[in-house]
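Everything on this sheet refers to the single structure shown next.
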Amino acid sequence: MNLLSAEAGRVRGEVKVTKGYLNAIGGTHGGWLSTLVDVGGSLAIASHGLKSTGVSTDLSVSFLAPSGEGSNIVFDAQVLKLGRTLAYTRVDIFNNDKMIATGSHTKFIAREQERAAKDAKE
């Protein structure tokens, strides 16, 4: 994975699809794309300065188009809301500028928010 850009609340990255990321019929495996939603959402949360990004409470992915070996996958992950206890993210996944999947990821972050506040006081 290569990070392309990062700012508070938003991270973009790219990954080349290799044979290990394929399903039985040669397409990019949905589980692997779901992992990108998980990791991308977590990176977007971390871009707010949290050392830990909490635990997942919900993850949903819609698969819109196929991709396969050799595809250059780009993901765009953004925090939609960073609340006291929950963070909501959206991750869009593209192959050659065509959206192939989109996902949402919700994480419980209350303890991480408390740790960040404590660290700021020290």
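The values are calculated or read from the model by the stated rules, or taken from the named source; none is laboratory data. As the structure is a computational prediction, the values presented were derived from the model and not from experiment. Methodologically, a virtual Cβ is constructed for each residue, glycine included, from the backbone with ideal geometry; neighbour enumeration extends over all protein chains shown. Remember, those area values only see protein heavy atoms, side chains included, never the ligands or the DNA or RNA. Shrake-Rupley method; radii C 1.70, N 1.55, O 1.52, S 1.80 Å.
Of note:
- Residue in segment 104-117 that is β-branched (Val, Ile, Thr), open to solvent by 50 Å² or more (accessible area, probe 1.4 Å) and in contact with a strand residue (DSSP E or B) (Cβ under 7 Å, 6 or more places away or on another chain) present: no
- Filter result (touching a helix residue (DSSP H, G or I) at 6+ places or on another chain (Cβ under 8 Å) and without any contact (Cβ under 8 Å) to a residue 60 or more places away in the chain) within segment 61-85: 61, 63, 69, 73, 84, 85
- Any pair with Cβ under 6 angstrom, 6 or more apart, that starts in segment 4-22 at a residue that is closer than 11 Å to residue 77 by Cβ and at pLDDT 95 or above and ends at one that is among the aliphatic types (A, V, I, L, M) and assigned to a strand (DSSP E or B): 9/79; 11/77; 12/4; 13/3; 13/4
- Restricting segment 8-21 to residues that are of a type outside the set (Val, Ile, Thr) and open to solvent by less than 40 Å² (accessible area, probe 1.4 Å), the residue that is nearest to the chain's Cα centre (by Cα): 13
- Residue check for residue 57: at pLDDT 95 or above and polar (S, T, N, Q): yes
- For segment 77-103, the set of residues classified as open to solvent by less than 20 Å² (accessible area, probe 1.4 Å), more than 18 Å from residue 22 (Cβ to Cβ) and outside any loop (DSSP other than H, G, I, E, B) consists of 77, 87, 89, 91, 92, 103, listed by residue number.
- Considering 67, 42, the condition of being touching a Ser or Thr at 6+ places or on another chain (Cβ under 8 Å), of a type in the set (Ser, Thr, Tyr), modelled with pLDDT of 95 or more and closer than 22 Å to residue 8 by Cβ is satisfied by 42 alone.
- The single condition among (1) under 16 Å from the mean Cα position of the chain (by Cα); (2) in a loop (DSSP other than H, G, I, E, B) that residue 65 does not satisfy is (1).
- Some residue of segment 50-62 being under 20 Å from residue 7 (Cβ atoms) and either surrounded by fewer than 13 Cβ atoms within 10 Å (Cβ to Cβ) or among the basic types (Lys, Arg) (or both): yes
- Of the residues making up segment 32-44, not a single one is in contact with a strand residue (DSSP E or B) (Cβ under 8 Å, 6 or more places away or on another chain), among the small types (Gly, Ala, Ser), loosely packed, with under 14 Cβ neighbours inside 10 Å and within 14 Å of residue 93 (Cβ to Cβ).
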